[in-house]
Structure formats: C-alpha cells, structure tokens
C-alpha cells in the first residue's frame, strides 16, 4: 500500500495503491480523515510535481495520523497558506 497527499487550503487530495493496484484518488475536507470508501478510480489526482504535494505515506493510518498532528499544530499557531498560481511554464508561490 502507498498513499500520496496534496494539501490545499480547504481540501485534501490523496491517491493510493493497494498491492500494486491503483485505488484511485480521494478528496476530503481539510478537517476530516480519509477512509478506503473515499477513493474512486474515476478521480484524477494532481500531478506529483505540484507544489501542494505533501509527501508519501505507507498506510491510511499513517496518513491520517500525520493530518491529525498537523491539525493540532495549526490550531495553536498562525495559519500558513500557499497561493498557487500556475503561469505558462513556471509556478509562482506567494506566501
């Protein structure tokens, strides 16, 4: 199993594989957790080189644990947003 995660301001994207078979992609709200029922083969995830890419995880449990730690950390600190603006052949990030 393997899962890739992309974080946007109010949504989370994940793409997963299960024993070398693609599970598809899933989209959930930023405050919730992923389940296996969230994944659909018909959704296309963002590309891996997208600046919103947050990392690879070995299981859904590890992915959800990372998100729970992130929620706790961001609830007590200032929120950090990345404004993603693709322009022709380059990506401009504004903080």
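The values are calculated or read from the model by the stated rules, or taken from the named source; none is laboratory data. As the structure is a computational prediction, the values presented were derived from the model and not from experiment. Glycine also receives a Cβ, built like all others from the backbone with ideal geometry; neighbour counts cover every protein chain displayed.
Within the range 30-48, residues that are at negative phi and touching a residue at least 12 places away in the same chain (Cβ under 8 Å) reach partners that are assigned to a loop (DSSP other than H, G, I, E, B) and surrounded by fewer than 10 Cβ atoms within 10 Å (Cβ to Cβ) with beta carbons closer than 7 Å, at six or more positions or on different chains, in the pairs 30/10. Taking the criterion of being assigned to a helix (DSSP H, G or I) and surrounded by 14 or more Cβ atoms within 10 Å (Cβ to Cβ), the only residue of the range 25-47 that qualifies is 38. Among the residues examined, residue 3 does not qualify as at pLDDT 90 or above, in contact with a strand residue (DSSP E or B) (Cβ under 7 Å, 6 or more places away or on another chain) and not in a strand (DSSP E or B). In this structure, is residue 89 at pLDDT 90 or above and out of contact with any helix residue (DSSP H, G or I) (no Cβ under 7 Å at 6 or more places or on another chain)? Here the answer is no, as residue 89 does not meet what is asked.
A residue that is loosely packed, with under 11 Cβ neighbours inside 10 Å, in contact (Cβ under 8 Å) with a residue 40 or more places away in the chain and not in a strand (DSSP E or B) occurs nowhere in the range 7-24.
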